[in-house]
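K.L.:
Can you read through this structure? Questions will come right after.
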Amino acid sequence: MRVLPLNLPFNKFVRLTLKISTVALAVVSFFLIWQTNNYLLWGLFIGLGVGMWNLYFLEKRLSKLKPDKSLVPKFQLAIGVSSLVRIFTVIAVLWVTSRISLIMLIATAIGIIAVWGIFAGVVAVFVLRSLRGEKVLKAKVH
């Protein structure tokens, strides 16, 4: 029975997610050229941008940190502070967009969540491809 590797290629997942998100951002930007007053498109634009920013800097932070048993408290502190900065960024962006329009707030939240949804999809495709040869994934035809 084949198992998944313990060290999944996180950097590759992030790069592919950012490429897909960039395409989505380009499509939204294309429509913004013709509909500059559309709060829905502006919200998606801002949300995708913030989601991509968060993912990019999360990957940068994790690639710089090398966990070591003697440095576990320092590692946990660095990850905690980094996570707080990202959470406060998201809260601040959502607060600002809520002051503009409810539609913009909802679209911004959807854009932020979409980046993580794309990331989850990229990881799921990798896992399914890794397990393709397993009996569990083969359909039985009676």
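K.L.:
For residues that are surrounded by fewer than 19 Cβ atoms within 10 Å (Cβ to Cβ) and free of Cβ contacts under 8 Å to residues at least 60 places away in the same chain, tally how many sit in the stretch 95-111.
P.N.:
5
K.L.:
Same structure again: For the stretch 72-84, name all the residues that are modelled with pLDDT of 80 or more, surrounded by 13 or more Cβ atoms within 10 Å (Cβ to Cβ) and out of contact with any Lys or Arg (no Cβ under 6 Å at 6 or more places or on another chain).
P.N.:
Within the stretch 72-84, the subset modelled with pLDDT of 80 or more is 80-84.
Now restrict to residues that are surrounded by 13 or more Cβ atoms within 10 Å (Cβ to Cβ): 82-83.
Residue satisfying the conditions is Ser83 alone.
The values are calculated or read from the model by the stated rules, or taken from the named source; none is laboratory data. The structure displayed is predicted, hence computed values, not measured ones. Glycine also receives a Cβ, built like all others from the backbone with ideal geometry; neighbour counts cover every protein chain displayed.
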